[in-house]
Amino acid sequence: MKHALGVIGLGTMGANVARNAARNGVTVAVFNRTAEKVEAFLSVHGKEGAFVGCKSLRALCDALPKPRAILLMVSAGDAVDVVIEELLPLLDSGDILIDGGNSHYRDTERRIERLKKTGIRFVGMGISGGEKGALLGPSMMPGGDEDAVKELLPLLSTMAADDGEGKPCIAYMGAGGAGHFVKMVHNGIEYGVMQLIAESYAILKRTGMGSEKIARTFATWTKGDLASYLMEITVKVLAFKDPQSGSFLVELIKDQAAQKGTGRWTVESALHYGVPIPTITASVEARALSARKEERSQRSKIFPEALLGDAVSIADIDEVRIALEVATLSTYSQGFDLLRIAGATEKWDLPLAEIARIWRGGCIIRSPILEVIQKAYDGTSAEMKSRKQAIIDHFSGARQQAWRRIAAYGIGQGVAIPALASSLAYYDSIRSDRLPQNLIAAQRDFFGAHGYERLDKPGNFHTQWE
């Protein structure tokens, strides 16, 4: 049976998802609140497949066979609720609404509950891949109504990226807001990896390397464990020259990075579930600090420069690569730790191996690291234990020494490396049998009589310290 899909919202992502579906044999009814946008879309892309241009939501619903499948590609937030309320009188029980935007997972759960009484099935689906991925094949993370997702999989699988082994990068994530939660954590990991790459760039710049040489250096790194999409685009960005001035464009770009909220949501969720994700947290804070450009510029003239003293020097540039590799692996591990604990808390039963698999193609954080993580969550208990040990071995010996030397170099040279330093602090904390929080427990008991536990006997204790 030929598939049909309604797409509401023809921004960059919506338009490219619609084109993707049509190119794969799906009949696509399209609507945008601005009618001119529909006309412009059909004028440019109308011959790419079977499109039906719709001037109203009623026309879109009439153009689709029942049960209808309608994909909302509108801005996250109130706009989603507005469209849902406008659609409700036009839909029938059994129809499927799919929210493909970056909605907060709690909003998705609220919408699922709102629609249950109407018989409308709701799917919250994370979509990763950016503009190009949306067109050529994204990674898709649907959650919510399981029966609805099963019905959608034949359609959506034709649109998804390939995982490198002939399987589509799409899988059911779980009930409720699981799909959007997984996409949110994906974006958090993305924040972390981007910041680590930027800090590695800053360290290399401090050694005296220019953009062209850094681009060549990064290009050699993409042939190993750092062969990721983010590293590949970084090489292209660093090597690109401004057509007007002939200078490397990246050096002309203001050092401010915006954010749309998914990174902050990841950090807030990690705090809620009690899961430390310090690299991602540091990356979100780094973007917030970057936004304070004027204040930073003023303080650069007031605050003293770094007291270099006998700062560690870089004997081998390749140690920067090693530090970036292990810190990146730590970031993925932190993200999967959040997925594991939140999934258990919410009873989503998140398929961690499948999440790693569907992130191997199409999405922004695709990397060979994900194959290693996939195997660590798939197989017999003995196999998984062995594979997790292989991940732990990445942090041993000379690799760990290189990581520490690069962190020491950055700190000694006054280079801001919040994500790199946080990754190392996380490693040192997670591997420590004894942390100094025994002192904090005692302090809390001193001023607040909060009590504490002891190592030598069970129970909760309180001491009259004075």
For this session: Take the stretch 137-146 and flag every residue that is over 18 Å from M73 (Cα atoms) and either in a helix (DSSP H, G or I) or touching a Leu at 6+ places or on another chain (Cβ under 8 Å) (or both).
Result: E146
For this session: Kindly indicate whether L226 is under 26 Å from the mean Cα position of the chain (by Cα) and modelled with pLDDT under 95.
Result: yes
Exercise. What is the number of the single condition among (1) more than 16 Å from the chain's Cα centre (by Cα); (2) modelled with pLDDT under 95; (3) in a helix (DSSP H, G or I) that V149 does not meet?
Worked result: (2)
For this session: Would you check if I197 is more than 30 Å from A416 (Cα to Cα) and at pLDDT 95 or above?
Result: no
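Being open to solvent by less than 10 Å² (accessible area, probe 1.4 Å), part of a loop (DSSP other than H, G, I, E, B), touching a residue at least 60 places away in the same chain (Cβ under 8 Å) and closer than 25 Å to S330 by Cβ: is that true of M184 here? Walk me through how you get there before you give the answer.
On the way: open to solvent by less than 10 Å² (accessible area, probe 1.4 Å): yes; part of a loop (DSSP other than H, G, I, E, B): no; touching a residue at least 60 places away in the same chain (Cβ under 8 Å): yes; closer than 25 Å to S330 by Cβ: yes.
No, not satisfied.
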Seminar exercise, completed: Within the stretch 61-106, the residues that are of a type in the set (S, T, Y) and buried (at least 16 other Cβ atoms within 10 Å of the Cβ) are S103, Y105
Problem set entry | Test result for A160, assigned to a loop (DSSP other than H, G, I, E, B), over 20 Å from E346 (Cα atoms), open to solvent by 30 Å² or more (accessible area, probe 1.4 Å) and among the hydrophobic types (A, V, I, L, M, F, W, C) | no
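Limited to the stretch 37-60, what total is found for residues that are surrounded by fewer than 17 Cβ atoms within 10 Å (Cβ to Cβ) and under 33 Å from the mean Cα position of the chain (by Cα)? I'd like the intermediate steps shown before the answer.
We begin by selecting, within the stretch 37-60, every residue surrounded by fewer than 17 Cβ atoms within 10 Å (Cβ to Cβ); these are 39-40, 42-44, 46-48, 50, 55-56, 58-59.
After this cut, where a residue has to be under 33 Å from the mean Cα position of the chain (by Cα) as well, the list is 40, 42, 44, 46, 48, 50.
Count: 6.
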For this session: Output the number of residues of the stretch 109-144 satisfying the condition of being buried (at least 24 other Cβ atoms within 10 Å of the Cβ) and either of a type outside the set (A, V, I, L, M, F, W, C) or under 16 Å from the mean Cα position of the chain (by Cα) (or both).
Result: 16
Seminar exercise, completed: Matching residues in the stretch 80-105 (over 17 Å from A175 (Cα atoms), among the charged types (D, E, K, R) and under 29 Å from the mean Cα position of the chain (by Cα)) number 1
Exercise. Would the stretch 4-22 turn up any residue that is in contact with a Cys (Cβ under 8 Å, 6 or more places away or on another chain) and modelled with pLDDT of 95 or more?
Worked result: yes
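Which ones in the stretch 121-159 are β-branched (V, I, T) and touching a strand residue (DSSP E or B) at 6+ places or on another chain (Cβ under 6 Å)?
The initial filter retains those residues of the stretch 121-159 that are β-branched (V, I, T), namely 123, 127, 149, 158.
Listed by number, the residues that qualify are V123, I127, V149.
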Seminar exercise, completed: Within the stretch 336-392, residues touching a strand residue (DSSP E or B) at 6+ places or on another chain (Cβ under 8 Å) and open to solvent by less than 20 Å² (accessible area, probe 1.4 Å) come out as W348, I355, I358, W359, G361, G362, C363, I365
Problem set entry | Residues being at pLDDT 95 or above and at negative phi - total across the stretch 164-175 | 8
For this session: Find all pairs meeting these conditions: Cβ atoms under 6 angstrom apart; at least six residues apart or on different chains; first residue within the stretch 104-116 and at pLDDT 95 or above; second residue of a type in the set (G, A, S).
Result: Y105/G177; T108/G124; T108/G177; E109/G176; E109/G177; I112/G144
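The values are calculated or read from the model by the stated rules, or taken from the named source; none is laboratory data. Please read these numbers as outputs of a predicted model, since none were measured by experiment. Don't worry about glycine lacking a Cβ; one is built from the backbone with ideal geometry, like all the others, and counts go over all protein chains shown. When the accessible area is computed, the model is the full protein with side chains, heavy atoms only, and any ligands, DNA or RNA have been set aside. Shrake-Rupley method; radii C 1.70, N 1.55, O 1.52, S 1.80 Å.
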